[in-house]
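Peer 1: Once you've had a glance at the structure underneath, I'll fire off some questions.
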Amino acid sequence: MSISKLDINILYEFFDLIIPSNEKMPPASEIITEEEFLKLISTTDKYDEGLSNVVSFIRKEPTARVMGGPMVVNEKQRADILILMESIIPDDFSTLIETVYLLYYSKSEIHEKINWDTREDSEENKIDSFDPAILKNISKKTPFWKKV
Amino acid sequence: MPKNLPFVDIIIVGSGASGGACAWKLSGSGAKVVLLEQGNWFDQNDYPGDSNDWEIVSKNSFSFNPNIRKLDSDYKILDENSDIHPLMYNAVGGSTHHWTAHTPRFHPSDFRVKTLDGVADDWPISYWDLEEYYDLNDVMMGCSGINGDPANPPRSPRPMPPLPLGKDGERIAQAADRLGWHWWPSDSYQASENYKGRIGWNNQGTFASKNKWKSIASTDHTYITPAIENGLEVRTNCAVQNISVDNNGNLTGVIYVDSKGTHYFQEVGKVILACNGIGTPRILLNSKSKKFPNGLANSSGLVGKNLMYHPYASATGLFNENDINYTLGPLANIIIVQEFYETDPKRDFLRGYSFQMNRSHGPAHTALGSGSGGVSIPWGKDHHDEFSKRFKKYLGFAIISEDLPELHNRVEIDENLKDKNGIPLPKVFYKTSENTKKLLNHGLKSAEKLLKEAGSYDVIKQPLIETAGWHLMGTAKMGIDPNTSVVDSECQTHDVENLYIIDGSVFTTSAAVNPTPTIQAIALRTADKILKG
Ligand SMILES: Cc1cc2nc3c(=O)[nH]c(=O)nc-3n(C[C@H](O)[C@H](O)[C@H](O)COP(=O)(O)OP(=O)(O)OC[C@H]3O[C@@H](n4cnc5c(N)ncnc54)[C@H](O)[C@@H]3O)c2cc1C
């Protein structure tokens with residue numbers, strides 16, 4: 001993976017614009033640890049090109065350059081960079097979104113908040129067995145497969 | 001020089017849906033049968049379904065796409081020229097490790113497309129030739145379902161009751177009833193109750209824990225393990241490079257490479273290819289000789305041609321109610337709708353389609369738009385509101401279209417690009433036809449109608465799912481005439497005696513349903529024909 005520590009810091013500056021906080025949910029940077037981010041991008045080369053392009057886009061973006069780099073541009077300017085990036089390099093932008101969404105929504109803190117309970121024995125996950133009564137109407141339909 | 005190995009009666013190459021079924025049927029017959037598989041055994045403990053990061057893994061090392069997964073057993077598929085990306089898994093059990101196990105059968109009419117609609121070709125066999133093998137496969141793989149579907153011929157009792165429809169499935173069923181449309185609980189090779197040592201599972205909790213992994217049938221446990229008990233020998237991590245013939249074109253053996261890079265020549269009486277619609281033409285095209293300069297069994301020039309995928313579209317309905325959890329129950333083995341299955345002269349396209357109902361995904365996949373037209377939840381200040389509108393609140397239909405065979409849709413090999421075993425990479429060319437576009441468009445409109453009838457307030461439509469190349473068919477067509485087909489009605493190649501093909505490559509046409517029960521029925525029938533001599 002060709003992304004440096006500084007690159008990761010730059011990307012982190014954008015995480016909370018992608019998933020901000022609200023009354024109930026924490027922002028992305030609070031949930032996604034640097035270690036997890038690094039692990040995700042180092043176990044596959046799938047994200048290499050997209051994330052490198054995202055970082056170079058940010059570095060080259062005139063606002064970021066004029067202001068002395070992405071770490072000092074304000075929130076509005078960073079949001080504008082993302083909007084521009086989404087329209088100019090949509091595939092690379094999707095790569096960034098995939099990493100952030102995957103890591104954010106795979107955390108148990110988030111699962112709890114969105115009420116995502118995968119335990120088979122939980123009351124919420126009960127599902128009734130198939131009841132043939134539902135076939136009452138459709139069973140009256142005359143067979144219509146072609147006899148050839 | 002490859003190491004010579006002593007003669008065996010039968011080699012099966014590939015241990016997926018077809019290879020596994022065929023191996024079981026041939027095992028115990030007294031013949032020495034060896035199964036060669038380029039991948040390894042799949043360790044149930046590697047299954048990531050009950051970990052929090054399951055959705056991460058499923059986008060990476062457990063991706064359906066070998067070009068993303070890049071495991072040692074995978075080969076790269078050059079698919080830049082294909083509208084649809086081919087998917088598969090390479091291990092003992094093949095792509096049945098990844099599949100959904102939605103298992104409808106072909107209709108009798110699917111074998112007679114030329115007669116009925118004047119396009120493509122009729123198969124040289126009929127539904128009725130396969131019926132007993134469909135039945136046998138249903139028992140071996142374990143089919144959950146129920147008889148009485150008016151869209152299909154009556155069939156043998158299903159070994160298990162259907163998987164639950166859930167409140168959302170019932171809602172769709174009632175909506176279809178109101179429209180007067182066909183629907184039926186899906187046949188599925190996922191065990192709805194305990195079956196032959198497998199634990200029944202209705203997807204409470206959505207993702208399978210490790211011990212539920214086997215509730216979805218894969219041929220490593222349904223067929224290959226019992227076949228080993230009958231004397232089958234399985235050689236894993238063995239990638240077949242090519243098939244050898246003598247100067248007269250008689251089959252002599254196969255050349256394969258093991259994980260150490262050692263080459264072997266396995267002398268053999270019969271070879272059965274079961275490497276799927278891409279892997280099989282790849283081996284044949286790489287098996288050139290003086291007698292067969294264009295690749296083996298390719299005198300018709302049709303090896304690799306006529307690739308069919310079943311192009312998919314999807315329509316996803318969003319629902320308001322909070323009383324239904326749309327993630328609960330199997331992801332996609334719920335309901336099949338075949339109201340628009342046959343050709344209707346009033347429509348502007350030939351052949352037809354099925355709907356396969358599917359449900360909401362987990363949170364990360366929901367955010368990324370899986371199952372909802374690939375449309376991600378927007379980033380930024382509205383993100384959480386939009387997420388809660390979608391999460392656990394969508395269901396949809398995959399529209400499975402019949403894909404008609406076209407010569408320009410094809411698999412070739414690239415002699416300059418090879419995998420780690422020195423086998424040329426397959427190159428895939430595929431363009432979606434005008435007929436398919438019209439058909440999918442019609443499908444989207446009817447899916448929208450059904451979803452609205454079921455109460456959906458908004459429908460997201462995806463006209464062609466590029467990532468849906470899970471059905472690989474047609475690249476070594478079955479037929480009577482050696483000039484216009486590769487194998488005969490018993491799956492033996494016209495050109496080379498004792499060389500058989502049993503995977504989806506042999507499909508003459510594709511029908512508009514998932515193909516695997518038909519692939520396996522053909523594999524079992526071929527084995528039976530070989531046994532009966
Ligand atoms: C995500 C997904 C979902 C699916 N869902 C469904 C579904 O719901 N219903 C349905 O009917 N179908 C479904 N399918 C399709 C189904 O999995 C395939 O139709 C079926 O597995 C094909 O069987 P096969 O034997 O032709 O090939 P595969 O099962 O793909 O097996 C081929 C085997 O050959 C091996 N092989 C290839 N080349 C070589 C070589 N050179 N040497 C040695 N070994 C080799 C491979 O490693 C592999 O194990 C799905 C597929 C995917 C990927």
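The values are calculated or read from the model by the stated rules, or taken from the named source; none is laboratory data. In this text, all values refer to a predicted model and were calculated from it rather than measured experimentally. FYI the Cβ positions are ideal-geometry reconstructions off the backbone, even for glycines, and counts take in every protein chain you see. Ligands, DNA and RNA are excluded from the accessible area calculation, which covers all protein heavy atoms including side chains. Shrake-Rupley method; radii C 1.70, N 1.55, O 1.52, S 1.80 Å.
Peer 1: How much length would be gained if the chain were fully extended between A:Glu23 and A:Glu86, taking 0.36 nm per residue of separation minus their Cα-Cα distance, in nm to one decimal?
Peer 2: Working: separation 63, 0.36 × 63 = 22.68 nm, distance 2.69 nm.
Net length gain for the segment: 20.0 nm.
Peer 1: OK, next. FRET efficiency for B:Lys260 and B:Lys431, Cβ-Cβ distance as r, R0 = 56 Å, nearest 0.05?
Peer 2: Numbers: r = 41 Å, r/R0 = 0.73.
Taking R0 as 56 Å, the efficiency between B:Lys260 and B:Lys431 is 0.85.
Peer 1: Can you tell me the orientation of helix B:17-26 relative to chain B, as the angle in degrees between its alpha-carbon axis and the longest Cα principal axis, to the nearest 10?
Peer 2: Result, in degrees: 50.
Peer 1: Okay, next question. Roughly how many Å² is the accessible area per residue of the protein assembly as shown, as a whole number, for a 1.4 Å probe?
Peer 2: The answer is 38 Å² per residue.
Peer 1: Continuing with the same structure: Over both sides of the B-A contact, add up the buried accessible area with a 1.4 Å probe and give it to the nearest 100 Å².
Peer 2: Details: alone 20250 and 10370 Å², together 25820 Å².
What B and A bury together is about 4800 Å².
Peer 1: For B:Lys420, project a label point 7 Å along Cα to C-beta. Then give me every residue of the stretch A:27-53 with its amide nitrogen under 18 Å of that point.
Peer 2: A:43-46
Peer 1: Go ahead and collect, in residue order, the members of the stretch B:306-342 whose backbone nitrogen is under 19 Å from a label point 7 Å along the Cα-Cβ direction of A:Asn115.
Peer 2: The answer is B:318-329, whose backbone nitrogens lie closer than 19 Å to the label point.
Peer 1: Between B:Leu531 and A:Met71, what is the label-point separation in nm under the 7 Å Cα-to-beta-carbon projection?
Peer 2: Label at A:Met71, label at B:Leu531, 7.1 nm between them.
Peer 1: Does the stretch B:1-42 come out rounded, prolate or oblate by the C-alpha gyration tensor, with a ≥ b ≥ c the root eigenvalues, rounded set by a/c under 1.5 and, if not, prolate when a/b is larger than b/c and oblate if not? Write down the numbers at each step before the final one.
Peer 2: On the way: a/c = 2.72, a/b = 1.17, b/c = 2.34.
Oblate.
Peer 1: Go ahead and run the numbers for FRET between B:Tyr457 and B:Asn247, Cβ-Cβ distance against an R0 of 56 Å, rounding to 0.05.
Peer 2: E between B:Tyr457 and B:Asn247, to the nearest 0.05, is 0.20.
Peer 1: Using 18 Å as the cut-off for backbone N distance, which residues of the stretch A:18-52 belong to the label zone defined by a point 7 Å from the Cα of A:Asn9 along Cα→Cβ?
Peer 2: Output list for this probe position: A:29-30, A:33-38.
Peer 1: From the backbone phi of the stretch A:100-114, what are the Karplus-calculated ³J(HN,Hα) couplings (6.51 cos²θ - 1.76 cosθ + 1.60, θ = phi - 60°) in whole Hz, Gly and Pro given as x?
Peer 2: So the Karplus estimates, Gly and Pro as x, are 5, 5, 4, 5, 5, 7, 9, 8, 5, 4, 6, 4, 4, 5, 9 Hz.
Peer 1: Please go through the residue pairs B:Lys59/B:Lys389; B:Lys114/B:Lys477; B:Lys25/B:Lys288 and name each one whose alpha carbons sit more than 21 Å apart in this structure.
Peer 2: Details: B:Lys59/B:Lys389 23 Å; B:Lys114/B:Lys477 15 Å; B:Lys25/B:Lys288 30 Å.
Cα-Cα > 21 Å for B:Lys59/B:Lys389; B:Lys25/B:Lys288; rest within.
Peer 1: From the protein chains alone at 1.4 Å, what is the descending order of accessible area for B:Lys270, A:Lys113, B:Lys420, largest first? Don't skip to the answer; put the middle values down first.
Peer 2: On the way: B:Lys270 55, A:Lys113 85, B:Lys420 145 Å².
Heavy-atom accessible area, descending, gives B:Lys420, A:Lys113, B:Lys270.
Peer 1: Computed FRET efficiency, Cβ-Cβ of A:Ser108 and B:Glu321, R0 22 Å: what is it to the nearest 0.05? Write down the numbers at each step before the final one.
Peer 2: Values: r = 27 Å, r/R0 = 1.23.
The value I calculate is 0.25.
Peer 1: Lysines within cross-link reach of A:Lys60: Cα-Cα under 21 Å, excluding same-chain residues under 8 positions apart?
Peer 2: A:Lys5, A:Lys76
Peer 1: Assuming a ≥ b ≥ c are the square roots of the Cα gyration tensor eigenvalues, decide whether chain B counts as rounded (a/c under 1.5), prolate (otherwise, with a/b larger than b/c) or oblate. Walk me through the numbers before you get to the answer.
Peer 2: On the way: a/c = 1.65, a/b = 1.50, b/c = 1.10.
Prolate shape, in that a/c is at least 1.5 and a/b is the bigger ratio.
Peer 1: Quick one: pull the percent of accessible area on the stretch A:5-117 belonging to carbon and sulfur, 1.4 Å probe, ligands and nucleic acids left out. Let's see the in-between values first.
Peer 2: Numbers: 2790 of 5340 Å².
Within the stretch A:5-117, the accessible surface is 52 percent carbon and sulfur.
Peer 1: Cα axis of helix B:276-285 to longest principal axis of chain B: angle in degrees, 0 to 90, nearest 10?
Peer 2: 30
Peer 1: Also, I was wondering about something else. How much of the DSSP bridge set in the protein assembly as shown is antiparallel, in percent, rounded to the nearest 5? Working shown, then result.
Peer 2: Details: 46 of 70 bridges.
If I count the DSSP bridges inside the protein assembly as shown, around 65 percent turn out antiparallel.
Peer 1: Each residue of the stretch B:459-467 in order: what ³J(HN,Hα) in whole Hz does its phi give by Karplus 6.51 cos²θ - 1.76 cosθ + 1.60, θ = phi - 60°, with x for Gly and Pro?
Peer 2: The phi angles translate into 10, 9, 10, 10, x, 8, 8, 5, 8 Hz.
Peer 1: In addition: Could you state the angle between the C-alpha long axis of helix B:166-179 and the longest principal axis of the C-alpha atoms of chain B, as a value from 0 to 90 degrees rounded to the nearest 10?
Peer 2: Here the helix axis deviates by roughly 80 degrees.
Peer 1: After finding the eigenvalues of the alpha carbon gyration tensor for the stretch B:31-185, what semi-axes result from the square roots of 5 times each, listed largest first in whole Å?
Peer 2: Values: eigenvalues 204, 115, 77 Å².
Equivalent-ellipsoid dimensions as semi-axes: 32, 24, 20 Å.
Peer 1: Rounded, prolate or oblate: which fits the stretch A:1-75 when a ≥ b ≥ c are the square roots of the eigenvalues of the alpha-carbon gyration tensor, with rounded for a/c under 1.5 and prolate only if a/b beats b/c? Mind dumping the intermediate values first?
Peer 2: Values: a/c = 2.22, a/b = 1.02, b/c = 2.17.
Oblate, because a/c is 1.5 or more while a/b does not exceed b/c.
Peer 1: May I ask what percent, to the nearest 5, of DSSP beta bridges between residues of chain B are antiparallel?
Peer 2: Working: 46 of 70 bridges.
Looking only at bridges with both residues in chain B, the antiparallel portion is about 65 percent.
Peer 1: While we're on this one: Residue farthest toward the positive end of the dipole of the protein assembly as shown, with Cβ of Lys/Arg at +1 and Asp/Glu at -1: which of B:Ser401, A:Gly68, B:Pro424?
Peer 2: B:Ser401
Peer 1: Whose amide H sits under 5 Å from the amide H of B:Lys270, counting only residues 5 or more places off or on another chain, with H placed in the peptide plane?
Peer 2: B:Ile10, B:Ile11
Peer 1: In the stretch B:178-310, carbon and sulfur make up what percent of the accessible area (probe 1.4 Å)?
Peer 2: Working: 2020 of 4520 Å².
So the carbon and sulfur contribution to the accessible surface is 45 percent.
Peer 1: A:Lys147: accessible area at probe 1.4 Å, nearest 10 Å²?
Peer 2: Roll a 1.4 Å probe over it and A:Lys147 shows about 150 Å².
Peer 1: Follow-up question, since we're still on this one. Pop out the ³J(HN,Hα) list for the stretch B:79-90 in order, Karplus 6.51 cos²θ - 1.76 cosθ + 1.60 with θ = phi - 60°, rounded to Hz; leave Gly and Pro as x.
Peer 2: 10, 4, 9, 10, 5, 10, 8, x, 10, 5, 10, 10
Peer 1: Roughly how big is the stretch B:269-384's charge dipole about its Cα centre, with Cβ charges of +1 (Lys, Arg) and -1 (Asp, Glu), in debye to the nearest 20?
Peer 2: Rounded to the nearest 20 debye, it is 1100 debye.
Peer 1: Also: Quick one: give the max-minus-min coordinate of the C-alpha atoms of the protein assembly as shown along each principal axis, largest first, in Å.
Peer 2: Extents along the principal axes: 77, 65, 48 Å.
Peer 1: Starting from the amide H of B:Tyr195, placed 1.01 Å from N in the peptide plane, find each other amide H under 5 Å away whose residue is 5 or more places distant or on another chain.
Peer 2: B:Gly200
Peer 1: If ligands, DNA and RNA are left out, what is the accessible area of B:Lys431 with a 1.4 Å probe, given in Å² to the nearest 10?
Peer 2: The accessible area of B:Lys431 comes to roughly 120 Å².
Peer 1: Right, something else. If you stretched the chain out fully between B:Lys346 and B:Asn4, how much longer would it get, using 0.36 nm times the residue separation minus the C-alpha to C-alpha distance? Working shown, then result.
Peer 2: Working: separation 342, 0.36 × 342 = 123.12 nm, distance 6.16 nm.
117.0 nm is the gain from fully extending B:Lys346 to B:Asn4.
Peer 1: Near the amide H of B:Val245, under 5 Å away, which other amide H atoms are found, from residues 5 or more places off or on another chain, if H is placed in the peptide plane?
Peer 2: Sorted by chain and number, the residues that satisfy this are B:Thr252.
Peer 1: Express the carbon and sulfur contribution to the solvent-accessible surface of the stretch B:1-156 as a percent, rounded to the nearest whole number, probe 1.4 angstrom. Display every interim value, and only then the final one.
Peer 2: Values: 2680 of 5410 Å².
C and S atoms contribute 50 percent here.
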